[in-house]
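Trainee: Below is a structure I'd like to ask you about.
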């Protein structure tokens, strides 16, 4: 039973690592979007990258697109933070169970 809990804990920790990586990617994306929005305010001419080419675009359209992407990225970060918190709580619970069982087994030894 102890081995199963240790494996479960390892799986939770692996999931935490994956979520952390995803969260970092979205936070980087948010940083880039915010920088693009700042640059957009200071420019007269705006371009949008479509595939492998840049096309001229209106500042308003580009700003709306960037704000939409920003909103989606913020929601994803929030969702990942919620999942991360839940997994951390699960990990803590499983760790406590494993430690409790280990202490019980230690006290049973002659």
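Trainee: Residues of segment 40-96 being within 30 Å of residue 5 (Cα to Cα), without any contact (Cβ under 8 Å) to a residue 60 or more places away in the chain and touching a helix residue (DSSP H, G or I) at 6+ places or on another chain (Cβ under 6 Å), which ones?
Mentor: Of everything in segment 40-96, those that are within 30 Å of residue 5 (Cα to Cα), without any contact (Cβ under 8 Å) to a residue 60 or more places away in the chain and touching a helix residue (DSSP H, G or I) at 6+ places or on another chain (Cβ under 6 Å) turn out to be 76, 77.
Trainee: Then there's this: In segment 51-67, what residues are surrounded by 12 or more Cβ atoms within 10 Å (Cβ to Cβ) and either under 19 Å from the mean Cα position of the chain (by Cα) or assigned to a helix (DSSP H, G or I) (or both)?
Mentor: Within segment 51-67, 59, 62, 63, 65, 66, 67 qualify.
Trainee: Does residue 70 count as within 30 Å of residue 89 (Cβ to Cβ), part of a helix (DSSP H, G or I) and either touching a strand residue (DSSP E or B) at 6+ places or on another chain (Cβ under 6 Å) or modelled with pLDDT under 90 (or both)?
Mentor: no
The values are calculated or read from the model by the stated rules, or taken from the named source; none is laboratory data. Note that the coordinates shown come from a computational prediction; the quantities given were computed from them, not determined experimentally. Please note: Cβ atoms are built from the backbone with ideal geometry, for glycine as well, and neighbour counts cover all protein chains shown.
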